[in-house]
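A.B. asks: I am attaching a structure below and will ask some questions about it afterwards.
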Amino acid sequence: MAAPPSAEPDFSSPIAQTNPGSYEELHRKARDVFPTCFEGAKLMVNKGLSPHFQVSHTLSLSSMNTGYRFGATYVGNNQIGQSEAYPILLGDTDISGNTTATILHQVGIYRTKLQGQVQQGKLAGAQATIERKGRLTTLGLTLANIDLVNEGGILVGQLLRRLTPRLDVGSEIVYQYGKNIPGGQISVLSYAARYTANHFTAAATLGASGAHLTYYHKQQENLAFGVEFECNANVGEAVTTIAYQAELPEEGVTMRASVDTNWSVGGVFEKRLSQQLPFTLALSGTFNHVKAAGKFGIGLIIG
């Protein structure tokens with residue numbers, strides 16, 4: 001005889017593999033709950049030209065950013081997991097030629113990521129990352145803005161280790177050198193830990209420069225909360241933010257909102273206008289009660 005159904009909501013365990021993932025994704029679970037607010041009017045059109053290629057057109061009208069951007073995404077057919085395929089090529093450009101590009105590829109247990117940014121006809125930034133994903137460990141090395149002529153750049157080394165099925169620990173060292181750095185070089189070491197349960201995920205990053213703590217809680221299947229605490233010891237500032245995400249799948253509604261200790265509130269409301277056509281209306285708003293300043297945005301997403 002089948003067992004009676006449990007009165008508690010049954011959420012599948014988020015621990016699907018033994019590899020702990022990337023160090024930079026330690027706080028991603030909580031950050032995904034937070035709204036991405038925008039200002040002014042925005043029209044975005046996404047068009048899939050093939051199962052592997054997609055383009056996007058974005059028109060923005062606001063006091064801070066007005067213009068048109070074109071984006072393209074290519075996903076290869078080298079299937080790594082159920083939701084991962086490589087290589088991945090991402091590109092984004094505007095009418096002035098300002099362009100950002102990203103290339104991701106994975107061969108075996110090695111994953112590479114190349115990023116570049118061009119602003120006003122000049123290379124504004126470049127970054128290369130390689131990760132080695134073992135059974136229980138992820139090792140990462142990043143080189144950013146390496147300038148051989150002026151002898152400057154940033155190197156980042158990361159380690160994330162799975163100790164138990166629910167506990168991950170790791171460390172990160174950031175080394176920066178250059179002529180404009182006091183003493184010619186500087187390094188910062190930080191430590192991290194993450195505990196993952198069926199209904200919540202808690203992560204912490206601690207170092208000499210400050211602390212970063214996040215907590216994610218899935219209350220119901222369509223309701224989640226996130227809390228983030230950031231402390232910068234160099235400037236003596238700390239901010240705590242609380243956010244939630246609520247979904248109504250039958251109505252095609254997604255709501256994200258947040259409030260922080262600087263008395264700033266923000267939210268993004270998304271509503272699918274039709275079940276047959278891919279039209280989504282997005283409303284965004286932010287308001288700071290101390291400065292008595294707010295911003296509002298409205299957008300239409302097609303595709």
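A.B. asks: Please report the carbon-and-sulfur percent of the accessible area for the chain; probe 1.4 Å, protein heavy atoms only, DNA, RNA and ligands left out.
C.D. replies: Carbon with sulfur: 59 percent of the solvent-accessible area.
A.B. asks: So if we plug the beta-carbon distance of residue 222 and residue 302 into 1/(1 + (r/R0)^6) with R0 = 25 Å, what FRET efficiency do we get, rounded to 0.05? Mind dumping the intermediate values first?
C.D. replies: Values: r = 25 Å, r/R0 = 0.98.
The pair residue 222/residue 302 has a calculated efficiency of 0.55.
A.B. asks: Further question: Would the chain count as rounded, prolate or oblate if I go by the C-alpha gyration tensor, calling it rounded below 1.5 in a/c and otherwise prolate when a/b exceeds b/c, oblate otherwise? Kindly include the intermediate steps, with their values, before the conclusion.
C.D. replies: Values: a/c = 1.26, a/b = 1.08, b/c = 1.17.
Rounded, because the longest to shortest axis ratio a/c is under 1.5.
A.B. asks: Sort out for me the Cα centre separation of the range 14-84 from the range 125-155, rounded to whole Å.
C.D. replies: Value for the Cα centre distance between the two parts: 22 Å.
A.B. asks: Using +1 at the C-beta of Lys and Arg and -1 at the C-beta of Asp and Glu, which of 187, 239, 86 has the Cα lying farthest in the positive direction of the dipole of the chain?
C.D. replies: After comparing all options, I get 86.
A.B. asks: Can you return the lysines within cross-link range of residue 29? Criterion is Cα-Cα under 16 Å, with same-chain partners fewer than 8 residues away left out.
C.D. replies: Cα-Cα hits under 16 Å: 218.
A.B. asks: Nearest 5 is fine: what % of DSSP beta bridges in the chain come out antiparallel, could you say? Write out the running numbers ahead of the final one.
C.D. replies: Working: 156 of 162 bridges.
Counting DSSP beta bridges with both partners in the chain, the antiparallel share is about 95 percent.
A.B. asks: Could I ask something else about it? On a straight-distance basis, which aspartates and glutamates could pair with residue 47 in a cross-link, Cα separation under 16 angstrom, same-chain partners fewer than 8 positions away excluded?
C.D. replies: 92
A.B. asks: Something else: Starting from the Cα of residue 113, draw a straight line to each of the lysines and keep only those under 17 Å, dropping any in the same chain fewer than 8 residues away.
C.D. replies: 133
A.B. asks: Let me ask something else. Kindly list the residues of the range 233-249 that lie in the label zone of residue 275, defined by a backbone N under 17 Å from the point 7 Å along the Cα-to-C-beta vector.
C.D. replies: 248-249
The values are calculated or read from the model by the stated rules, or taken from the named source; none is laboratory data. All of these numbers come straight from a predicted model, not from anything done at the bench. Cβ sites come from the backbone with ideal geometry, for glycine too, and all protein chains shown count toward neighbours. The accessibility values were calculated without ligands, DNA or RNA, using every heavy atom of the protein model including side chains. Shrake-Rupley method; radii C 1.70, N 1.55, O 1.52, S 1.80 Å.
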